[in-house]
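Notes follow the structure.
The values are calculated or read from the model by the stated rules, or taken from the named source; none is laboratory data. In this text the structure is predicted, and so the values were computed from the model without any measurement. Because the Cβ atoms are built from the backbone with ideal geometry, glycine has one as well, and the counts that use them run over all protein chains shown.
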Amino acid sequence: MSTPRKDDVSGVDTTGHEWDGIEELNNPLPRWWLWTFLACIVWSIGYWVVMPAWPLVADHTRGMLGYSQRAVVADSLAKAKASQSGYAKRLAALPAGENPADPDLQSFALGGGRSAYAVNCSQCHGSGAAGAKGYPNLNDDDWLWGGKLADIEQTLRVGIRSTHPDTRLNDMPAFGRDGLLTLPQIADVADYVLSLSHSGAVSPQAARGQTLFAENCTACHGETGRGNRELGAPNLADGLWLYGGDRASVIASISESRRGVMPTWEGRLDDVTIRQLAIYVHSLGGGE
Ligand code: HEC
Ligand code: HEC
């Protein structure tokens, strides 16, 4: 650092900063720059006063305008809802089980159903509704409780083995755990169940199982094992399995009974959303 002095060439004061013989001149800031700088400071003070600005321990200063982006979003959501309320009313007024004839109303239902599905149903039934072990595929036409629009809406309203007073309910006995059949009997009846979806000769075990099946299983699964939708009893002859079609899984199903639970949506989702969901699920390919 050298002592400040006047620069010989320009006649301007130096600041006294010097690097390798190069000295810094003490030129004033350009006026336009200075005024812009000051204007920014004044602007920022005004901004703190009118707009939300400073974080406090548990809150923030609100500003005189009380502006909030949350309020803006809530407002535009309310506007969107209001603009849809005509559709919502018409959808709610449709008799249960009737698909909307108007294509606009149909696409309102499908769009709402698709997004409500992603939020509420994909955890169990998968994002593409293809299901998983214990959670039925909603794309195929293998229905436990029925694939008509009205059936699907009813399933959504009351749930299956749910807390709803009118829930869809049917509990297969746990034939092994409750000692209704012995282990060899369960193995035989499992062989018979497997033979329903496999072509070829019926083994002696399966033949023994057939008698046991007639005595213990037909009340729900039907004479030919094709299931009963009134009772939510799956078709055992179609080669599609909710809990697995290998011998061990079938034995476990008979022995333990599965009793899958589907929550009730009445009260958790509004009527229009439930209807949108039913129409969406019905449209997935397996609807009847
Ligand atoms: C907690 C997991 C779970 C959630 C969440 C869930 N489900 Fe289910 N759902 C199940 C189970 C388990 C079954 C099969 C119950 C049984 O064994 O009968 C089922 C059955 C169904 C059925 C009947 C299928 C048939 O073959 O008859 C439909 C339709 C259905 N779910 C649609 C939905 C929709 C739509 C949603 C979202 C609103 C949803 N589920 C959310 C678990 C769930
Ligand atoms: C009271 C009615 C009832 C009776 C009796 C009954 N079942 Fe079931 N069964 C059901 C229901 C309902 C389900 C679906 C369970 C679920 O989703 O949790 C089921 C499921 C099954 C499954 C699993 C199917 C799959 O897709 O994974 C098998 C296997 C089965 N039953 C075999 C039998 C056999 C064998 C008997 C007789 C020994 C029998 N059931 C008796 C109602 C019954």
>> Among the residues of the range 130-153, what is the count of those that are of a type outside the set (F, W, Y), buried (at least 18 other Cβ atoms within 10 Å of the Cβ) and farther than 18 Å from G245 by Cβ?
In response: 6
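Of everything in the range 112-123 that's over 18 Å from G286 (Cα atoms) and either touching a residue at least 60 places away in the same chain (Cβ under 8 Å) or within 16 Å of ligand 2 (Cβ to nearest atom) (or both), which residue is surrounded by the fewest Cβ atoms within 10 Å (Cβ to Cβ)? Reasoning before the result, please.
So the first thing to find is which residues in the range 112-123 are over 18 Å from G286 (Cα atoms), and the list is 112, 115-116, 118-120, 123.
Narrowing the set further to residues that are either touching a residue at least 60 places away in the same chain (Cβ under 8 Å) or within 16 Å of ligand 2 (Cβ to nearest atom) (or both) leaves 112, 116, 120.
Values: G112: 21, A116: 19, N120: 17.
Filtering first and then ranking leaves N120.
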> All but one of (1) in contact with a Phe, Trp or Tyr (Cβ under 6 Å, 6 or more places away or on another chain); (2) at pLDDT below 90; (3) β-branched (V, I, T) hold for T61; which doesn't?
Replying inline: (2)
>> I'd like to check something: does the range 267-283 contain any residue that is farther than 21 Å from S122 by Cβ and within 8 Å of ligand 2 (Cβ to nearest atom)?
In response: no
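Out of all the residues in the range 258-272, is one or more within 15 Å of ligand 1 (Cβ to nearest atom), part of a helix (DSSP H, G or I), over 16 Å from A174 (Cβ atoms) and not charged (D, E, K, R)? Give the steps one after another, and end with the answer.
Within the range 258-272, the subset within 15 Å of ligand 1 (Cβ to nearest atom) is 258-272.
Checking the rest, the ones that are also part of a helix (DSSP H, G or I) come to 271-272.
Pick out the ones that are also over 16 Å from A174 (Cβ atoms) and you get 271-272.
The next check asks that each one be not charged (D, E, K, R); those that pass are 272.
Looking through the range 258-272, at least one residue is within 15 Å of ligand 1 (Cβ to nearest atom), part of a helix (DSSP H, G or I), over 16 Å from A174 (Cβ atoms) and not charged (D, E, K, R).
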> Applying the selection to the range 90-109, what residues are under 23 Å from the mean Cα position of the chain (by Cα) and surrounded by 16 or more Cβ atoms within 10 Å (Cβ to Cβ)?
Replying inline: L91, L105, F108, A109
> For the range 251-266, which residues satisfy the criterion of being near ligand 2 (Cβ under 8 Å from one of its atoms) and out of contact with any strand residue (DSSP E or B) (no Cβ under 8 Å at 6 or more places or on another chain)?
Replying inline: S253, I254, S257, R258, R259
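Table: residues versus (1) farther than 19 Å from S283 by Cβ; (2) outside the structural domain of I279 (by TED's automatic domain parsing).
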position	(1), (2)
S44	yes, yes
L56	yes, yes
S83	yes, no
S107	no, no
>> It is to be established whether one or more residues within the range 222-234 are outside any loop (DSSP other than H, G, I, E, B) and surrounded by 15 or more Cβ atoms within 10 Å (Cβ to Cβ).
In response: yes
> Which of (1) assigned to a loop (DSSP other than H, G, I, E, B); (2) buried (at least 17 other Cβ atoms within 10 Å of the Cβ) does P173 not meet, given it meets every other one?
Replying inline: (2)
> Could you list, in sequence order, the residues of the range 23-58 that are more than 60 Å from the chain's Cα centre (by Cα), assigned to a strand (DSSP E or B) and modelled with pLDDT of 90 or more?
Replying inline: E24, L25
>> As an exercise: evaluate K81 against (1) outside any helix (DSSP H, G or I); (2) closer than 30 Å to A278 by Cβ and give the number of the one condition it does not meet.
In response: (1)
>> Out of the residues in the range 235-250 meeting the condition of being aliphatic (A, V, I, L, M) and part of a helix (DSSP H, G or I), tell me which one is nearest to ligand 2 (Cβ to nearest atom).
In response: V250
> Within the range 155-170, restricting attention to residues that are of a type in the set (D, E, K, R) and either more than 10 Å from ligand 2 (Cβ to nearest atom) or over 17 Å from W143 (Cα atoms) (or both), which residue is surrounded by the fewest Cβ atoms within 10 Å (Cβ to Cβ)?
Replying inline: D166
> Looking at the range 199-210, is at least one residue in a loop (DSSP other than H, G, I, E, B), closer than 28 Å to G97 by Cα and not polar (S, T, N, Q)?
Replying inline: no
> Which number in (1) touching a Ser or Thr at 6+ places or on another chain (Cβ under 9 Å); (2) surrounded by 10 or more Cβ atoms within 10 Å (Cβ to Cβ) marks the one condition that P55 misses?
Replying inline: (2)
